[in-house]
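Shown next, in structure tokens, is the structure this report addresses.
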Amino acid sequence: MTTGGRPPALVLEGVSVARGGRTVWSHGTFTVRPGAVVGVIGPNGAGKTTLFQLALGLLAPSSGRIEVLGAPPRRGNRRIGYVPQNYTAALGEAIRCRDLVTLGLTGGRFGLRPTSAAERAQVDDALRRVGALDFAERRMSELSGGQQQRVAIAQAIVDDAELLLLDEPLANLDLRNQQEIVRLLGDLHRDRDVTIMVVAHDLNPLLPVLSDAVYLLDGHPHHDEIGEVVQEELLTHLYGTPVGVVRTAQGDLFTRAAWRDPVHQQENAREAGA
Ligand SMILES: Nc1ncnc2c1ncn2[C@@H]1O[C@H](COP(=O)(O)OP(=O)(O)OP(=O)(O)O)[C@@H](O)[C@H]1O
Ligand SMILES: [Mg+2]
């Protein structure tokens, strides 16, 4: 199946995956169309990172068939840009931003090699697109979390990836930085029609850009349009705690924790009655 001449970004057919002798999830059957922006959601340990590792060819399924950008998964696929979970925190070394992005182009296995003028221009372009040109010469360890996340995304897109896999890129960011990263993802999607899959625990900051979601429920991955997934019953079941969904008069959609401290509730009721 192709869309506009391009194969689907990701196809799973009857996929199961096991780790440490235990099935993480099973019966994964869904297709991500090219150009989709997909939230990947589910509780801790449900297997979100595992899904990315399958797509990257880092892990083999125990059964079923996977296709990424029209071909079987393979390690080192340069058509996929990946920002692992906790990636920037794991960069203990004092690497310069520009060098980190350059590694996305030249491959990190043998360290930095001399680059051509064309490659340096490509690195500059990636840094510019994420708004990191101003601090390109600084070391990663000297940057804020939001700045680090931009540089990590620059590394993932520098080689013109067609599929971006971002594992919790908004973790530890304040509201403004979350929104700036989300805006950046929207730009990447609009300007280059990149397919984006993004793991997140809080859907709210991402809702303006998401078209679809993959959700891991009861040991199985499911895929649907975002509007079908942002439903109170589904999210409450998914997270095992009450989740409310609010639609504002402007049509904006929000999710919120719907649990209320009973003591507070009584106090509020008393005050409202007084
Ligand atoms: N290297 C590993 N070896 C064995 N089991 C693993 C390994 N990595 C993860 N697991 C197990 O696989 C399951 C899924 O893990 P995964 O990291 O994919 O979850 P996740 O949905 O990304 O969770 P989180 O929200 O905490 O990041 C968990 O039960 C975990 O313990
Ligand atoms: Mg994870």
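One table, with the values for the structure above:
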item: Residues (under 14 Å from His201 (Cα atoms), open to solvent by 10 Å² or more (accessible area, probe 1.4 Å) and either among the acidic types (Asp, Glu) or modelled with pLDDT of 95 or more (or both)) located in region 160-181; result: Glu168
item: Selection count, region 18-38, where residues are farther than 19 Å from Ala71 by Cβ and within 13 Å of ligand 1 (Cβ to nearest atom); result: 9
item: Checking Ala154 against (1) open to solvent by less than 10 Å² (accessible area, probe 1.4 Å); (2) within 16 Å of ligand 1 (Cβ to nearest atom), the condition it does not meet; result: (2)
item: In region 188-203, residue most open to solvent (accessible area, probe 1.4 Å) [restricted to those that are of a type outside the set (D, E, K, R) and within 13 Å of ligand 1 (Cβ to nearest atom)]; result: His201
item: Residues satisfying the stated conditions in region 33-85, i.e. more than 12 Å from the chain's Cα centre (by Cα), within 16 Å of ligand 2 (Cβ to nearest atom) and open to solvent by 60 Å² or more (accessible area, probe 1.4 Å); result: Asn44, Gly45, Leu58
item: Among residues of region 112-141, those that are touching a residue at least 40 places away in the same chain (Cβ under 8 Å), within 16 Å of Asp99 (Cβ to Cβ) and open to solvent by 50 Å² or more (accessible area, probe 1.4 Å), counted; result: 4
item: Residues that are open to solvent by less than 70 Å² (accessible area, probe 1.4 Å) and within 30 Å of Gly45 (Cβ to Cβ), drawn from region 241-266; result: Thr241, Pro242, Val243, Gly244, Val245, Val246, Leu253, Thr255, Ala258, Asp261
item: Selection within region 1-19 - assigned to a loop (DSSP other than H, G, I, E, B) and either within 16 Å of ligand 2 (Cβ to nearest atom) or modelled with pLDDT under 95 (or both); result: Met1, Thr2, Gly4, Gly5
item: Which numbered condition Glu232 fails, given (1) within 21 Å of the chain's Cα centre (by Cα); (2) open to solvent by 70 Å² or more (accessible area, probe 1.4 Å); (3) in contact (Cβ under 8 Å) with a residue 24 or more places away in the chain; result: (1)
item: Hits in region 165-198 - residues which are touching a Gly at 6+ places or on another chain (Cβ under 9 Å) and within 16 Å of ligand 2 (Cβ to nearest atom); result: Leu165, Leu166, Ala171, Asn172, Met197, Val198
item: Residue in region 92-104 that is within 16 Å of ligand 1 (Cβ to nearest atom), over 30 Å from Val243 (Cα atoms) and surrounded by fewer than 18 Cβ atoms within 10 Å (Cβ to Cβ) present; result: no
item: Check on Gly45, closer than 24 Å to Leu210 by Cβ and without any contact (Cβ under 8 Å) to a residue 24 or more places away in the chain; result: yes
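The values are calculated or read from the model by the stated rules, or taken from the named source; none is laboratory data. Because the structure is predicted, anything quoted here is derived from the model rather than measured. All Cβ positions, glycine included, derive from the backbone under ideal geometry; neighbour counts span all protein chains shown. To get the accessible areas, we keep the full protein, side chains included, count just its heavy atoms, and leave off ligands, DNA and RNA. Shrake-Rupley method; radii C 1.70, N 1.55, O 1.52, S 1.80 Å.
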